[in-house]
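Here the structure is laid out as structure tokens; the discussion comes afterwards.
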Amino acid sequence: MGVINDVLDVSKIEIGEFPIHDEEISMAAIIAESMEMMADCAERAKVRLLEDVPDGFPLIRADPLRLKQILLNLLSNAIKFTPSEGRVHLSVNRREDGGPVIEVADSGIGIAQEDIPHVLEPFGQVGGIETRNHDGTGLGLSLSRAFAELHGGRLEIDSVLGKGTIIRIRLPATRVVSG
């Protein structure tokens with residue numbers, strides 16, 4: 001059912017008919033909920049989950065369901081492609097202009113620079129990678145990028161093969177409600 005919903009989401013996004021429903025939300029709460037939802041998966045994979053949310057981080061205006069979907073997609077991928085005893089770190093900070101930056105960093109297998117555009121496309125996966133578990137549809141990063149863009153933001157990937165990956169969601173400063 002999840003795959004069908006993802007395909008439907010991609011279709012709606014591609015035809016420009018995907019609404020987002022902004023609410024004032026706490027990044028600390030969304031991150032805590034996402035980390036809790038992924039804790040069992042990380043434990044089974046023997047991957048250490050870490051989080052960092054500065055005290056007093058301001059509320060932001062965002063669609064809580066889509067923001068959580070971004071975080072769950074990014075955390076799921078990070079855990080999936082990180083070997084046992086590795087780590088996945090979810091953090092949020094602010095840029096100089098005040099805009100929020102969400103970052104998921106892992107100590108996983110990494111992505112070759114030439115493969116980054118491919119993994120951002122719907123159903124895009126990198127073939128030939130030997131991993132502990134390579135299940136998935138190849139929709140997570142594509143949807144995460146689209147949801148970030150629907151919020152006026154962008155998704156960026158920095159990765160080094162064999163060293164890990166950092167994915168950043170940069171939201172505009174106008175998304176900050178207070179502070």
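Observations on the structure shown:
- Qualifying residue in the stretch 12-28 (condition: at pLDDT below 85, within 18 Å of the chain's Cα centre (by Cα) and assigned to a helix (DSSP H, G or I)): yes
- A173 falls short on exactly one of the conditions (1) among the small types (G, A, S); (2) buried (at least 16 other Cβ atoms within 10 Å of the Cβ); (3) at pLDDT 95 or above, and that condition is (2).
- Yes/no for A32 being small (G, A, S), exposed (fewer than 13 other Cβ atoms within 10 Å of the Cβ), at pLDDT 95 or above and under 16 Å from the mean Cα position of the chain (by Cα): no
- Criterion applied to G152, G136 was being modelled with pLDDT of 90 or more, over 10 Å from the mean Cα position of the chain (by Cα) and part of a loop (DSSP other than H, G, I, E, B), and the one residue passing it is G152.
- The stretch 58-85, residues that are free of Cβ contacts under 8 Å to residues at least 60 places away in the same chain and over 15 Å from the mean Cα position of the chain (by Cα): P83, S84, E85
- Checking each residue in the stretch 93-117 for being under 12 Å from the mean Cα position of the chain (by Cα), more than 21 Å from H21 (Cβ to Cβ) and crowded, with 16+ Cβ neighbours inside 10 Å picks out E103, V104, A105, D106.
- Beta carbons closer than 9 Å, at least 6 apart along the sequence or on distinct chains, pair a first residue in the stretch 31-57 that is closer than 21 Å to I169 by Cα with a second that is in a helix (DSSP H, G or I) and of a type in the set (K, R) for E33/K68; S34/K68; M37/K68.
- Flag for L90 being part of a strand (DSSP E or B) and in contact with a helix residue (DSSP H, G or I) (Cβ under 8 Å, 6 or more places away or on another chain): yes
- Hits in the stretch 90-105 - residues which are within 21 Å of F147 (Cβ to Cβ) and free of Cβ contacts under 8 Å to residues at least 60 places away in the same chain: L90, S91, N93
- Only one of I111, I102, I157 that is at pLDDT below 90, of a type outside the set (G, A, S) and at negative phi: I111
- In the stretch 61-87, residue nearest to I31 (Cα to Cα) [restricted to those that are outside any strand (DSSP E or B) and basic (K, R)]: K68
- Of the residues screened, R145 is one that is crowded, with 19+ Cβ neighbours inside 10 Å, over 20 Å from P54 (Cβ atoms), of a type outside the set (A, V, I, L, M, F, W, C) and modelled with pLDDT under 95.
The values are calculated or read from the model by the stated rules, or taken from the named source; none is laboratory data. Just so it is clear, the model here is predicted, and its values are computed rather than measured. FYI the Cβ positions are ideal-geometry reconstructions off the backbone, even for glycines, and counts take in every protein chain you see.
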